[in-house]
Each structure stands twice: as C-alpha cells, then as structure tokens.
Amino acid sequence: MSTKITLDQWQALIAVVDEGGYAAAAEALDKSQSAISYAVQKIETELGVRAFALEGRRAKLTETGHLLYRQAKVLLEEAGRIESSAIQFGHGWEPLVRVAADGLFPQTLVLCALVRLAEESPLTRVEFQETILSGSEEALLRHEADLVITGRVPPGFMGDHLIRIRFVAVAAAEHPLHAQGPLGLDDLRPHRQLVLRDSGRQRVDSGWLGAEKRWTFSHGHTRRQALLRGLGFAWVPEPEIRDDLAAGALKPLPLREGVHRFHDLYLVYADGQYAGRAARFLGEGIKAQLAQGEGH
C-alpha cells in the first residue's frame, strides 16, 4: 500500500502548528518557508481537505486540521520508535538506559538489577535519577527516561504494578501530639507538618493538611532526622522508619482515622513494546528482585 503524504510533509504540518507559523517552522526544520508551504499545500491537495484557514493574517487549524495534526503526531512518534527499535536490535544492547525511580521504591532492588545489567552489558551507560511525587511521571512525559517507576501511569502508557507502600503518621516519642488522645484534622493543623518537595514541576503537595507551620524537605533522610528531633509530624513510608518505630524513637500518632495511607508504584517502559533490550532486561531484573524479596 502506497501513501500520498510523506513523513517529511506531516512533519512540516506539525511544525507549523507547534512553532506558531510557517516562518518559525521553516527555521525549526532548517528548510525554506516555501518548502514548508508546499508541504502543507501538498497535504491539502492530495487529501482534498483544508488544514488551515486564514483569520486576519494568521493561519489557524480547521476542525479537520486538528484531526490531521493529532494523528500526524502519533504517526511520527511511532515511526521514531520503529527506527530506534531497529537500531537497537541491529546493535544488540542500547548504549544508554535512563531510569527515573520514585524515591519510595527500595533503591537496593534497582541497584541489584543494575549489577546484573553491568554483567550482561558492561558498555551500556546508565543515568539514574531518584524522583519524588510527580517527578517520575514528568520524566516519562518529557521523554527524559526509558524506564520509570512511578506512582501514576499517565494516559497513553501501560504499567506493571510493583508494590504498595504503607505510610504511617508519626512524630517523635516526646512530641505533644501523643498526649492529646484521639486526634482529628483540627488537632493536627496547629502543629508543624514535615513534607517532601515534589521533584517535578507540578509541585504536588501530597498529604499536606494545610498546616501553616509546614516545613519542606528535598530528601526523606533529612526529614527523618527532623522527625527524630521532634520538629514536627509526618506521614512516612513504613520501611523508612521501621527501626525507629521498633526502638520507640518515633511513635504512630493516635489519630481517629487516617493513621495509615497507601501508595502504589508501577513500572513503565517509555517506548512500550519497542523498549530496548537493556531497558527490558533491567525492568525484568527489578521485578525479579522484588519477587525474590517477597519470597523471603
């Protein structure tokens, strides 16, 4: 089956929309403005449609143009994945794997999987970033990672469930909240809440109760130290403070409700079925490490 429109011509239409005009599209694609104009005219002529309509001096997408734009973006992204996949298969292991993992996930499991990858493909480079809240999802949407461990699988992607993390509302043993009996939301608000900063641009305030005395930290380890010093209360992943709870240094807050919260994590390949050999090997290794730990 032959097609009337080339990928270059679809790319020209997309560029006109994304760049805001023919001149800007020509500059972005390093082509002449007449070449961009011809490509768009070719699409309209061959398909018998109008992609743009003039409003004053500006060309705006028609309803049909919006449809063509959306479908063309899908087409080009798919073509890019196919080419990338072909190159990867041709060379075996891809030269670079970028990983973005939510800080809630046990990083030792990722490191164990990376050891296996280093043994199988010693020349594959790895870029690893630990994220908080929306950071992993953003890395996925911005094409900044090949393998992602995230708390939310955005539309257009498929994810495998990895683990459910339980959070516990805690404060230092000597914190005054422990002496107040069953606590409600109004009892918590006057006290300082310790939260983690979102590493993504969304700046999600997950779990924040609106306390005026909020302190924000960029790393869980630092927040844990602040908790141990009695500087506030927080919902903290249970594995992070298991030893502190056992020693009595931190105690669960006597809440009427909500003492426990849960957060699910998923493994997502940015390129889905076209994920490279190294990314797929690493992902399967992470799941195997997790299954092995649960078996014990």
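The values are calculated or read from the model by the stated rules, or taken from the named source; none is laboratory data. Small disclaimer: the values here were computed from a predicted structure and weren't measured. Note that each Cβ is placed from the backbone with ideal geometry, even for glycine, and that neighbours are counted across all protein chains shown.
Annotations
- Flag if Ala145 is among the aliphatic types (A, V, I, L, M), crowded, with 17+ Cβ neighbours inside 10 Å and in a loop (DSSP other than H, G, I, E, B): yes
- Selection count, the range 101-137, where residues are under 21 Å from Gly151 (Cβ atoms), in a helix (DSSP H, G or I) and among the aliphatic types (A, V, I, L, M): 4
- Looking across the range 7-56, the residues that are free of Cβ contacts under 8 Å to residues at least 12 places away in the same chain and either on the phi > 0 side of the Ramachandran plot or not assigned by TED's automatic domain parsing to the domain that holds Arg70 (or both) come down to Gly20, Asp30, Gly48, Gly56.
- Note on the range 151-171: residues that are surrounded by 12 or more Cβ atoms within 10 Å (Cβ to Cβ) and part of a loop (DSSP other than H, G, I, E, B) total 5.
- Scanning the range 1-52 for residues that are of a type in the set (S, T, N, Q) and more than 16 Å from Gln71 (Cβ to Cβ), we see that the one that is surrounded by the most Cβ atoms within 10 Å (Cβ to Cβ) is Ser37.
- Considering Ala173, Ala169, Ala86, Ala101, the condition of being under 27 Å from Gln11 (Cβ atoms), hydrophobic (A, V, I, L, M, F, W, C) and either in contact (Cβ under 8 Å) with a residue 24 or more places away in the chain or not assigned by TED's automatic domain parsing to the domain that holds Ala270 (or both) is satisfied by Ala86 alone.
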